[in-house]
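**Q** One structure, as structure tokens, below. Some questions next.
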Amino acid sequence: IAAAFPRHRPAAGDPGEGAAGSRSRATWMAAARQDAREQVTVAAEALAGLAGAAAAPMPDERVALIRKARRAVRRLDRLLTDLDDLSRLHAGALETYLRSVELDDVLAVCLGELGPGRDHLTLAPSDDVPDVIADADLLGRILTSLMADALHRSPPGRSPVLTTAARPGQVEIRIADAGPAGEPGGGDSLPVRLALDLTEAINGTLRCEEAPGGGRIVII
């Protein structure tokens with residue numbers, strides 16, 4: 001979005017112009033995100049109306065297409081929420097509430113956010129994982145976004161797998177998918193880049209590895 005607007009180069013010795021330019025870009029970005037969110041809302045309402053307007057049962061193919069479109073709209077909505085949080089983080093305005101959090105409770109909320117897509121995700125949490133210190137809401141959004149991205153990348157019949165494990169002094173969460181290596185959606189994907197900054201905001205770390213046999217593993 002920023003590339004669509006001309007870059008303003010301040011004159012030498014005029015730092016105020018640079019700050020003004022940054023504020024202007026931030027204002028344009030905020031307006032663009034707001035417009036995108038409004039369009040996402042319109043699309044979601046239209047799809048809901050389309051799904052409920054048919055007087056007779058629709059062909060299975062059309063039902064599947066509507067469900068696919070609704071999943072895409074939900075995924076875009078989550079990305080916009082992450083972008084809003086990231087903007088507040090970089091502006092120093094994102095408040096985090098770190099406390100003891102039960103990971104199973106966070107995962108339960110994530111599954112609810114994923115909707116029907118959760119049926120195509122495999123959860124294999126460890127029984128000995130202790131509570132973690134995190135912002136529960138932010139951690140939930142991070143995991144939901146990464147799981148949705150893993151579902152998007154995975155081919156039919158190859159479910160992403162989320163595992164947890166206790167390590168010395170920390171808890172490790174892994175989200176592995178069978179997506180194609182070297183294509184968009186790897187470690188440089190937008191969901192992963194957003195999740196990286198937001199994870200660091202709650203004193204966590206995030207890295208990506210190539211899965212054995214192909215695919216990606218995101219490790220928090």
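The values are calculated or read from the model by the stated rules, or taken from the named source; none is laboratory data. Computed from a prediction, not measured in an experiment: that's the story for all the values here. A quick note on method: Cβ atoms are made from the backbone with ideal geometry, for glycine too, and the neighbour counts reach across all protein chains shown. Side chains included, ligands, DNA and RNA excluded: accessible areas come from the protein's heavy atoms. Shrake-Rupley method; radii C 1.70, N 1.55, O 1.52, S 1.80 Å.
**Q** Using only the Cα atoms of the stretch 38-174, build the gyration tensor, take square roots of its eigenvalues as a ≥ b ≥ c, and label the shape rounded, prolate or oblate: rounded if a/c is under 1.5, else prolate if a/b is larger than b/c, else oblate.
**A** oblate
**Q** Next up: Return the sequence-ordered ³J(HN,Hα) values of the stretch 85-98 in whole Hz as given by the Karplus equation 6.51 cos²θ - 1.76 cosθ + 1.60 applied to θ = phi - 60°, using x for Gly and Pro.
**A** For the stretch 85-98, the Karplus-derived couplings read 4, 5, 5, 5, 4, 5, 8, x, 10, 8, 8, 10, 10, 7 Hz, x marking Gly and Pro.
**Q** According to a simple spin-label model (label point 7 Å from Cα along Cα-to-Cβ), what is the distance in nm between Glu209 and Ile66?
**A** The modelled label-to-label distance comes out at 4.3 nm.
**Q** Per residue, how much accessible surface does the stretch 64-136 expose to a 1.4 Å probe? Answer in Å², no decimals.
**A** 62 Å²
**Q** Calculate what fraction, in whole %, of the accessible area of the stretch 77-196 sits on carbon and sulfur atoms when a 1.4 Å probe is rolled over the protein chains.
**A** Ligands and nucleic acids excluded, carbon and sulfur reach 51 percent.
**Q** log₁₀ I(q)/I(0) of the stretch 114-220 at q = 0.17 Å⁻¹, via Debye over equal Cα point scatterers, no solvent, to two decimals?
**A** -0.77
**Q** Something else about it: Measure off 7 Å from each Cα along the Cα-to-Cβ vector at Arg174 and Asp119, then give the distance between these two points in nanometres to one decimal.
**A** Taking the two extended label points, one gets 2.8 nm.
**Q** Express in Å², to the nearest 10, the accessible area of Asp105 obtained by rolling a 1.4 Å probe over the protein heavy atoms while all chains stay in place.
**A** About 90 Å², rounded to the nearest 10.
**Q** For Glu209, Glu172, give me the order by solvent-accessible area with a 1.4 Å probe, most accessible first, ignoring ligands, DNA and RNA.
**A** Numbers: Glu209 70, Glu172 20 Å².
Solvent-accessible surface, decreasing: Glu209, Glu172.
**Q** What does the C-alpha gyration tensor say about the overall shape of the stretch 84-163? Classify as rounded when a/c is under 1.5, otherwise prolate if a/b is larger than b/c, or oblate.
**A** Taking the square roots of the gyration eigenvalues as a ≥ b ≥ c, the stretch 84-163 is oblate.
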